[in-house]
Amino acid sequence: MLHGKRILLIVSGGIAAYKSLELVRRLRERGAAVRCVLTRGGAQFVTPLSLSALSEDKVYTDLFSLTDEAEMGHIQLSRDADLLVVAPATADILAKMTQGLADDLASTVFLATDKDVMAVPAMNVRMWEHPATQANLQTLQSRGVHIVGPNEGDMACGEYGLGRMAEPEEIADAITDFFQASAPLSGRRALVTSGPTHEPIDPVRYIANRSSGRQGHAIASALARRGAATTLVSGPTNLPDPAGVNVIHVESARDMLAACEKSLPADIAVCAAAVADWRVAQAADEKLKKNGGGPPTLEMAENPDILATLAAAANTRPRLVVGFAAETEQVVAHAQAKRERKGCDWILANDVSPETGTFGGEDNTVHLVTADGVENWPRMSKSDVAERLAERAAIALETPE
Ligand code: C5P
């Protein structure tokens, strides 16, 4: 279903435009909000009034309407949508999209958008088969534009062949499939830990480490973008909270564990935080003073192991528990041992020897250690590691338990 999805429907000029009225209804029935842009050509076939009545929204028609630009610029129009759909997509608008022309509102919106675009071609069979149209389609597809149809059949012009616009129900199905494919984790809950922990010595001093939180934050963001309801339990970092993620800020390891346990149940837990192994057993209530007696002796206590605790939870163990292993030598062997010891499903092992620049840096060299063996991933950015992990997690959760 399409609840909460915002679709910007661009109706260009073709006899098939009447089917777009039906498309608006089908999309609304599935729960989507639809906003329409009508090209000058499109307005020869359907009226702004009918589109507006069916979408229950204003219809945008003219690039240079001063009020529209003041209220909602063409850039905002495309940014506010989750998906742009052009139906019918004429040979002309496909050519404009390929060339990057921007001489009316519809083409300008395509050039300005940062969202996925779906085109539903409708045209005469000769126009469809013309090498110019086919070359344009190839270019658009190589840029990631999704093409739906066309179908074969009788045409309004009396000819027969490929070029009929896909039926509204087929288009609505393609749109639903698009959102499902881009959100394979929808309906799932994810828990991610990130950053260092701060272990107090006294009210002003603490023990910490150099973790930046970049990897954990990127993982939370990648899981959330795939539709998981994601909680990020983060130690102190300089990073902004990732969009669309529920962030709980904590300082110490014990607070991090408590926040994690509170946010269970989850389908997947990724422990990317660099949790301090030890804390000061009795943090002082007042600031420690230099009293001439030499430096204080700090008695240390062991911190809870969050990863091991989540992996061992009797009733609330997430189905997929993932940990990290930062190693400076024998990376994979140590990671395999860690996987067993901590009882987690996967370990992402990375080489953090100083010469790699991993800790606090942009890139990561990772080995994925699972029950089935080891996968060596090429050196890539931390956000690419996050994307790949989220993809793998979605596949793992798809398979029946
Ligand atoms: O034992 P080590 O610190 O090398 O293990 C690293 C993995 O365990 C990481 O996934 C880290 O987030 C997790 N961990 C934890 N709680 C601790 C220590 C490590 O969750 N106290």
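All of (1) within 14 Å of the ligand (Cβ to nearest atom); (2) farther than 13 Å from Val270 by Cα; (3) in a helix (DSSP H, G or I) hold for Asn350 with one exception: (3).
Within region 96-110, the only residue that satisfies the criterion of being over 17 Å from Arg40 (Cβ atoms) and either among the acidic types (Asp, Glu) or crowded, with 16+ Cβ neighbours inside 10 Å (or both) is Thr98. Of the set (1) within 11 Å of the ligand (Cβ to nearest atom); (2) buried (at least 19 other Cβ atoms within 10 Å of the Cβ); (3) not in a helix (DSSP H, G or I), all apply to Pro318 but (1).
Find the strands (runs of 3 or more DSSP E) located wholly in region 112-194 whose residues include 2 or more that are open to solvent by less than 20 Å² (accessible area, probe 1.4 Å), and list them.
Qualifying strands (runs of 3 or more DSSP E): 116-121, 160-164, 189-194.
Looking only at residues in region 30-50 that are touching a residue at least 40 places away in the same chain (Cβ under 8 Å) and within 19 Å of Ile175 (Cα to Cα), the one that is surrounded by the fewest Cβ atoms within 10 Å (Cβ to Cβ) is Arg30. Restrict the check to region 77-95 and report whether at least one residue is in a helix (DSSP H, G or I), open to solvent by 10 Å² or more (accessible area, probe 1.4 Å) and at pLDDT below 95. Checked region 77-95: at least one residue is in a helix (DSSP H, G or I), open to solvent by 10 Å² or more (accessible area, probe 1.4 Å) and at pLDDT below 95. In contact with a strand residue (DSSP E or B) (Cβ under 9 Å, 6 or more places away or on another chain) and over 25 Å from Ala253 (Cα atoms), is that true of Trp377? Considered against the rule, which asks whether it is in contact with a strand residue (DSSP E or B) (Cβ under 9 Å, 6 or more places away or on another chain) and over 25 Å from Ala253 (Cα atoms), Trp377 comes out as yes.
Contact annotation: residue pairs with Cβ atoms under 8 Å, 6 or more positions apart or on different chains, pairing a residue in region 267-285 that is within 8 Å of the ligand (Cβ to nearest atom) with a partner that is part of a loop (DSSP other than H, G, I, E, B) and among the acidic types (Asp, Glu), are Val275/Asp305. Of all residue pairs spaced 6 or more apart or on separate chains, those with beta-carbon atoms under 8 Å, a first member in region 321-338 that is closer than 24 Å to Thr309 by Cβ and assigned by TED's automatic domain parsing to the domain that holds Ala386 and a second member that is near the ligand (Cβ under 9 Å from one of its atoms) and open to solvent by 50 Å² or more (accessible area, probe 1.4 Å) are Ala325/His334; Glu327/His334. Could you say whether any residue in region 321-340 is farther than 30 Å from Val280 by Cβ, more than 12 Å from the ligand (Cβ to nearest atom) and among the acidic types (Asp, Glu)? Looking through region 321-340, at least one residue is farther than 30 Å from Val280 by Cβ, more than 12 Å from the ligand (Cβ to nearest atom) and among the acidic types (Asp, Glu).
The values are calculated or read from the model by the stated rules, or taken from the named source; none is laboratory data. Here the structure is a predicted model, which is why all the values come from computation and not from measurement. A quick note on method: Cβ atoms are made from the backbone with ideal geometry, for glycine too, and the neighbour counts reach across all protein chains shown. For accessibility, only protein heavy atoms count, side chains too; no ligands or nucleic acids. Shrake-Rupley method; radii C 1.70, N 1.55, O 1.52, S 1.80 Å.
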